[in-house]
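Beneath this line is the structure, given in C-alpha cells, with notes to follow.
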Amino acid sequence: MALYVQALKSSSEVGSSSIDQIQSQKAPTTGLGFTGLAPLDASRLTFTHTANSRAVPLSNSPEVLSGETCTDHMITCQWTASGGWLAPELKPYGPLSLMPTSSSLHYAIQCFEGLKLYRGFDGRLRLFRPFRNAVRMLDSAKRISLPSFRPEEWVKLVAKLCAVDGPKWLPKERSGHFLYIRPTLISNDPSLSVKRPAKALFYIVISCLPAVDEREKGLRLLASQADMVRAWPGGFGYVKLGANYGPSMLAGDEAKKKGFEQILWLFRNENGIREVTEAGASNFMLVWRTREGRLQLATAPLDRQIFLDGITRRSILDLARERLSGDSDGGEGGEKIEIKERRLSMDDIVAACEEDRIVEAFAVGTSYFVSPVSLIQYGEKALEIPMVEGSTGVYARLFKAWLKAIMYGLEKHDWAYLVDSKE
Ligand code: PLP
C-alpha cells in the first residue's frame, strides 16, 4: 500500500522494480483524490463489438504509413467531478463527439501515453512495463488538472482492448511485429471558463504504425537554435502533454527541410551553457570515453524535469547497470562501462568529438526504439558520430537486442506483461 501511494506521488521518486510490481499490490480505496467518487474500474467494462470489421493492412502499406489506421475497437470512459468514473465501454472505433467549447481544444487540457503491443516469437501478446506508462499518465494528469485513476485499472483496460483486437490485427504470423497503443485523457468540459475541468474523457485506441528504427545511415540530428527552447524548469516538459508537442513541429519541420531527421533539443542553463536534453520525441544517450579514459554511458539527469522520463531510457540504464557495470563481465566479454546520469553540454560533446572520444550515440524511445545517431549539426559544426558496425554501434545493437528479447518473449522477464488473448 505504501509503495502504491508513493508511486502515485511521482514516478521519478520510485525505484524501477516497484512500479513494475504495482500489479501485485492491493489497491487502496481512499487517498487518490476521488474519495467517495467512483474509481476507474476495468471490471465494469461493457462490450459492443463492431459489425463492420475492417481488413488488416500490410506492414508498410500506405494505410500504415499514414498513421491514420486504427484497429476495429476503442475503449472510452467518461469522468465527472461529481460522480467520478462511469463504466468504461469497449466499442467500434470511430469519431468522438465533443462540444466546440471543450476545454481540451482551447486550453490544451489533455495528455497521452504511447506504448506498444508486441507479438512474441512464442506466439504470445505482450506489453512492456505498462505500469510505468500508467503512472506517467497520472503525473501528466496531475500537472494538467485532469482526474486521477488506479494505475492497475488503466493497465487492465489497455490489456482488454489488446486482447480483443490483438489476435486479428497482430496475428501469430506477424511475430516480431507490434501495434502502437495510444491511451489519451482529455477535458470534454464544455465550459469556456478558464478552470479545472469538471468533465473528462479517457480513451484508448490502437494504431498500426511502421517501425522507424531500421535505417541504414543512422539519425542525423540538428541541434536546436538559441531562439527556441522545448521545455524549462518549472514548466511541463517532464510529462506527456500535447502542449509539449504542437509547438515543437516548427523546429522539427525546419530540421527535415534541411535534411535532418530530428531536432536535438538543447537547454541553455543558468551559466549560459547549452546542454543536451532529448532528441525529437525520444531520449538521447551517449557512449564516450572520459578524459581520464573511462568508458561511460551518459544521459541527461531527470532532476530539473525538463524532459520526459522515458521508459526505454530507464530500461537501458537498468539493464546496463545490471549487465555491463560492477561485477558483470561487461556483456559479450567486453569492457566494463560506467553508467552516468549527468549533464551533457554541447561544448563537452564537441571537445570529445575533436579528441576522438565519442564511441556512439543513440536516440531511445517507444517509437524510435534504439536508433543510432550518425551526425549532430551544431551551428556550423557537423559532428560525425561513429557507427562501428556500419548501420549501428556495438552498444545500440546490444541494448536493442536485450530489449527485443524481453518484448518478444525470447527472454522471460518481469517487465513483460502477458495479454490474456485466449487464442
Ligand atoms: N521524450 C519524449 C518527448 C517522448 O515523447 C518520448 C516518447 O514517448 C520519449 C522521450 C521516450 O519515452 P518512452 O521511452 O517512454 O517512449
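Just so you know, all these numbers are worked out from the coordinates, no wet-lab data involved. Here the structure is a predicted model, which is why all the values come from computation and not from measurement. All Cβ positions, glycine included, derive from the backbone under ideal geometry; neighbour counts span all protein chains shown.
Can you compute the charge dipole magnitude of region 378-418 about its Cα centre, using +1 on each Lys and Arg Cβ and -1 on each Asp and Glu Cβ, nothing else charged? Give it in debye, rounded to the nearest 20.
Dipole magnitude for region 378-418 comes out near 120 debye.
Net charge around Ile109, counting only other residues with Cβ within less than 9 Å of its Cβ (Lys, Arg = +1; Asp, Glu = -1)?
Around Ile109, the charge tally is 0.
For region 154-246, what does the alpha-carbon gyration tensor say about shape, rounded, prolate or oblate, given a ≥ b ≥ c as the root eigenvalues, a/c under 1.5 as rounded, and a/b over b/c as prolate?
Oblate, since a/c reaches 1.5 and b/c is not below a/b.
Please find the FRET efficiency linking Phe47 to Ala211, where r is the Cβ-Cβ separation and R0 is fixed at 25 Å, and quote it to the nearest 0.05.
Given R0 = 25 Å and the Cβ-Cβ separation, E is 0.20.
Just from its helices, what would the mean residue ellipticity at 222 nm be for the chain, if runs of 4 or more DSSP H residues each count -39500 (n - 2.57) and the sum is divided by every residue, rounded to the nearest 500 deg cm²/dmol?
-7000 deg cm²/dmol
Can you classify the chain as rounded, prolate or oblate using the Cα gyration tensor, where a ≥ b ≥ c are the square roots of its eigenvalues, rounded means a/c under 1.5, and otherwise it's prolate if a/b beats b/c and oblate if not?
prolate
If packing is taken as the average number of other Cβ atoms within 10 Å across a peptide's residues, how do 130-143, 186-199 rank, most packed first?
In descending order of packing, they fall as 130-143, 186-199.
Listing His49, His413 from the residue with the fewest other Cβ atoms within 10 Å to the one with the most, what is the order?
Exposure proxy ranking, most exposed first: His49, His413.
Would you mind ranking Lys168, Lys422 by Cβ crowding within 10 Å, fewest neighbours first?
Ascending Cβ contact count within 10 Å gives the list Lys422, Lys168.
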